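Notes follow the structure.
The values are calculated or read from the model by the stated rules, or taken from the named source; none is laboratory data. This one's a predicted model, so the numbers in the text were calculated from it and none came from an experiment. As a convention, Cβ positions derive from the backbone with ideal geometry for all residues, glycine included, and neighbour counts pool all protein chains shown. What goes into the accessible areas is simple: the full protein's heavy atoms, side chains included, and nothing from ligands, DNA or RNA. Shrake-Rupley method; radii C 1.70, N 1.55, O 1.52, S 1.80 Å.
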Amino acid sequence: MNTTEDKLRERIKELTCLYEVTSIIVNCDYSQLELSLQAIAHCLKGAVQYETESYVKITTNNYVLEDGSFKENLCCIKSNIKVFNEVSGTILIGYPSDKFSEDDFLDEEKKLLENVCLEIGNLIERKQIRDNEAYIKKQMERTDRLNILGEITAGIAHELNTPLTNILGFTELLEDEIKDKKQLNDLGRIKESAIFSREIVKKLMFFACEVPQQMQKVTLKPIVDNVLNLLKPSFKNKNIQSIFNIESPELQIRADEIQITQVLFNIIMNAIYASPEHSKVEISIKKLKGNIQVKIIDEGSGIASTIEDKVYEPFFTTKPTGDGSGLGLSVVHGIISSHKGTIKHSKNSPKGTIFTINFPEN
C-alpha cells in the first residue's frame, strides 16, 4: 500500500468497521449476544487489508465465534477482552503464514482491534450488571412472595388445626362404639386422612415459623433409632435395608428435639420413597471440624439436574398428587437454617443421592 489513495481507503474501512461495531453494540439484544459478536467478527474481517485471506476468531467465557477459513498455520495479531479489569476473552485476526507475515498488519489495524476489544468488554460488563440486577430483583420478589405465603399458611394452619382435632377425636369415640367391621374400616380411612392432613398442617406451621423452638442439648443416636423404628414398616414394604453408623453414641447438638426428628424423618422417608426394592439407605453421623455431620445416602434415581435448584422450594414436589405436599424439604431447610446448620445434596455413585447436613457442635 503505497499511494495516498490506498492509505485513505484503508482508513475509511477501519472507521466504517468501528462505526458498524458501535451500532451493533448500541442495538445489541442481550439475550442474543452471540449474534452480535458474530456480526462484529464479520465487520473486523472486512476491515483489514486482505479481507478475502483473513480469519477472525472471537473467544469469550461463553462463546467461540469465527469468520473466514481457518488455516493450520497463521500469522496473527491478538488483543484481550477485559471484563471488570479481568481478561475474559480474546480477538484474533490472522492470515495464512505461507503468504503473509505480521508486517502485513497495519498499526491502525492493531489499534482498531484494541478498540473493538474494549467495546466488547464494556458490552459484556453491561450485560453482567443487567443480569445481576434481574437476579436480585427476582430474589427480592421471591422473598416478598414467601413472606406473604408465610402469613397465609400461618392463618390456614390455625384455621384447620381445630376441626382436624375434632375429626380425630370424634372418630376415635365412634371406633369404641361401632362393632361393624366395614364401618370400622371406613372410620379407619377417615382417621388416616385426618392424620395425614394434620401432618400437613404441622409442616405449614413449621414453614410459617409458628412453632416455638425448645433448644437444648440432644443426643442424636436415640433420635435416629426412634425415626428408624417409626419407618420400619416402610423399609420392610420395599425390602430396603437400613444401615446406621455413628462415630460415638454420645454425639450431641443443641437443637429442638421434635424439629430434628422431623428433619431426619422427612429426609429418610424421601430416601425410602426414591429407592428401588432390595436396595439400602445409609445414615452416618460423625464429628467433623467443629461440626456434627449427618449423611443420608440412598440408591434411588437421584435428583435431576433440571430441578436441583428447586428441591427446597415450598410446594415443589416430583411425587404424584396425593403422595406429597411439597413442604417436606422446604420445612427441613427452614429448620436446619434456624439451627445455624447447612444442608446440601450430591450424587451418589453409581446412583442415588447423598444429603449432607452439618450442625454446629455447640
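Couple of notes before you dig in:
- Note on segment 1-51: residues that are open to solvent by 40 Å² or more (accessible area, probe 1.4 Å), touching a residue at least 24 places away in the same chain (Cβ under 8 Å), among the aliphatic types (A, V, I, L, M) and over 17 Å from Phe105 (Cβ atoms) amount to 0.
- Residue in segment 57-68 that is farthest from Leu33 (Cα to Cα), counting only those that are of a type outside the set (Val, Ile, Thr) and surrounded by fewer than 16 Cβ atoms within 10 Å (Cβ to Cβ): Glu66
Condition check ((1) modelled with pLDDT under 85; (2) of a type in the set (A, V, I, L, M, F, W, C); (3) under 19 Å from Leu264 (Cβ atoms)) across all residues:
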{"position": "Ala194", "(1), (2), (3)": "yes, yes, no"}
{"position": "Lys203", "(1), (2), (3)": "yes, no, yes"}
{"position": "Cys209", "(1), (2), (3)": "yes, yes, no"}
{"position": "Ser242", "(1), (2), (3)": "no, no, yes"}
{"position": "Asn245", "(1), (2), (3)": "no, no, yes"}
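- Cross-chain or 6+ apart pairs with Cβ under 9 Å, segment 128-141 first and part of a helix (DSSP H, G or I) and of a type outside the set (Asp, Glu), then surrounded by 10 or more Cβ atoms within 10 Å (Cβ to Cβ) and modelled with pLDDT of 80 or more: Gln128/Val83; Gln128/Phe84; Arg130/Tyr30
- Some residue of segment 275-292 being buried (at least 16 other Cβ atoms within 10 Å of the Cβ), under 20 Å from Lys344 (Cα atoms) and touching a Pro at 6+ places or on another chain (Cβ under 7 Å): yes
- Screening Tyr95 with (1) out of contact with any Leu (no Cβ under 9 Å at 6 or more places or on another chain); (2) open to solvent by less than 90 Å² (accessible area, probe 1.4 Å); (3) of a type outside the set (Lys, Arg) gives one miss only, at (1).
- Scoring Asp298 on the criteria (1) modelled with pLDDT of 90 or more; (2) surrounded by fewer than 14 Cβ atoms within 10 Å (Cβ to Cβ); (3) closer than 26 Å to Ser338 by Cβ; (4) among the charged types (D, E, K, R) leaves a single failure, condition (2).
- Residue, most open to solvent (accessible area, probe 1.4 Å), within segment 160-192, restricted to residues that are farther than 29 Å from Asn266 by Cα, assigned to a helix (DSSP H, G or I) and not acidic (Asp, Glu): Lys181
- The numbered conditions (1) within 34 Å of the chain's Cα centre (by Cα); (2) not in a loop (DSSP other than H, G, I, E, B) are all true for His42 except (1).
- The residue that is surrounded by the fewest Cβ atoms within 10 Å (Cβ to Cβ), counting only those in segment 213-262 that are part of a loop (DSSP other than H, G, I, E, B) and either small (Gly, Ala, Ser) or touching a Ser or Thr at 6+ places or on another chain (Cβ under 6 Å) (or both), is Ser248.
- Test: residue in segment 69-77 that is open to solvent by less than 80 Å² (accessible area, probe 1.4 Å) and either closer than 20 Å to Glu125 by Cβ or in contact with a His (Cβ under 9 Å, 6 or more places away or on another chain) (or both): no
- Of the listed requirements (1) part of a helix (DSSP H, G or I); (2) touching a strand residue (DSSP E or B) at 6+ places or on another chain (Cβ under 8 Å), Ile58 misses just one: (1).
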